[in-house]
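Asker: Supplied in C-alpha cells, the structure appears directly below.
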Amino acid sequence: MPDRTTIERTSGRELVVTRTFDAPARIVFEAWTKPELMKRWWAPKSIGVPLRSCEMDVRTGGGYRLEFGHDASESMAFVGRYLEVTPPSRLVWTNEESEDGAVTTVTFEERDGRTLLTVHELYPSKEALEAGHGAEEGMPEQFEQLDELLVALSASV
C-alpha cells in the first residue's frame, strides 16, 4: 500500500502535511535543497505549468526564487528567505510573494531508513490560510512525484 499524504488544519492559521517516504532523510533533504532535483518534482504535472527556474541559496539567511510558467512574459514567482537550515533534518523559510505568506517549516525524521516528512505552514491570519488554500490541493501530487524521484535516486546510490 502506498504511503498517503495527510493534510490537517491544526488551527485557524496552521496547516500540517505529513507523508512517509521510502528513502533516508539525507536523500529526501537533498530533493528539497538542490535546484536540479526540485525542478523534477515541485510543480504538479496536472496543472500544466512547469517550474521554469529554481534559484536556491540554501543556508540560514539565504534566499530562493521559484518561477513558474511557460515563458517569462506569463510567469509567476515565489520568493523568500531561509530562516533555518539544519541538514538533513529541518528547513524553515518565508513565503514573501505577498504580505499573507506563511512561514514554512519542513522536518525530515528518519526511521529505519524511511523518512517521515512534516510540512508545517503558519499563516499570519485565518484569511491568509483560506487565500492560500489552493496550494494544499497540489501537495499529494507533488509528493507522488517526489516519491518517483526518490525511487530513482535511491536506485542510483
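The values are calculated or read from the model by the stated rules, or taken from the named source; none is laboratory data. This is a predicted model, so every value here is computed, not measured. Cβ sites come from the backbone with ideal geometry, for glycine too, and all protein chains shown count toward neighbours.
Asker: Being in contact with a Gly (Cβ under 9 Å, 6 or more places away or on another chain), among the charged types (D, E, K, R) and assigned to a strand (DSSP E or B) is the filter here; which residues of segment 73-114 pass it?
Answerer: R81
Asker: Kindly check whether there is at least one residue in segment 57-76 that is acidic (D, E), in contact with a Lys or Arg (Cβ under 8 Å, 6 or more places away or on another chain) and under 17 Å from F29 (Cα atoms).
Answerer: Looking for residues that are acidic (D, E), in contact with a Lys or Arg (Cβ under 8 Å, 6 or more places away or on another chain) and under 17 Å from F29 (Cα atoms), one finds none in segment 57-76, hence no.
Asker: Checking the conditions here, which among G62, G80, G48 is without any contact (Cβ under 8 Å) to a residue 12 or more places away in the chain and out of contact with any Cys (no Cβ under 8 Å at 6 or more places or on another chain)? I'd like the intermediate steps shown before the answer.
Answerer: Details: G62 fails: without any contact (Cβ under 8 Å) to a residue 12 or more places away in the chain; G80 fails: without any contact (Cβ under 8 Å) to a residue 12 or more places away in the chain.
Testing whether each residue is without any contact (Cβ under 8 Å) to a residue 12 or more places away in the chain and out of contact with any Cys (no Cβ under 8 Å at 6 or more places or on another chain) leaves just G48.
Asker: Also, I was wondering about something else. What is the one condition in (1) in contact with a helix residue (DSSP H, G or I) (Cβ under 6 Å, 6 or more places away or on another chain); (2) of a type outside the set (K, R); (3) within 25 Å of T6 (Cα to Cα) that M56 does not satisfy?
Answerer: (3)
Asker: Taking only segment 1-30 into account, find how many residues are aliphatic (A, V, I, L, M) and closer than 29 Å to E130 by Cα.
Answerer: At the first step, the residues of segment 1-30 found to be aliphatic (A, V, I, L, M) are 1, 7, 15-17, 23, 25, 27-28.
Going one step further and asking which of them are closer than 29 Å to E130 by Cα, we end up with 7, 15-17, 28.
So the answer is 5.
Asker: Now, a different point. Can you give me the ranges of the strands (runs of 3 or more DSSP E) entirely in segment 1-72 with at least 2 residues that are modelled with pLDDT of 95 or more?
Answerer: 14-21, 51-56, 63-68
Asker: From the list R52, R59, which residue is over 15 Å from the mean Cα position of the chain (by Cα) and surrounded by 15 or more Cβ atoms within 10 Å (Cβ to Cβ)?
Answerer: Matching residue, one of R52, R59: R52.
Asker: Here is a follow-up. Does at least one position in segment 137-145 carry a residue that is outside any helix (DSSP H, G or I), of a type outside the set (A, V, I, L, M), in contact with a strand residue (DSSP E or B) (Cβ under 6 Å, 6 or more places away or on another chain) and in contact (Cβ under 8 Å) with a residue 24 or more places away in the chain?
Answerer: no
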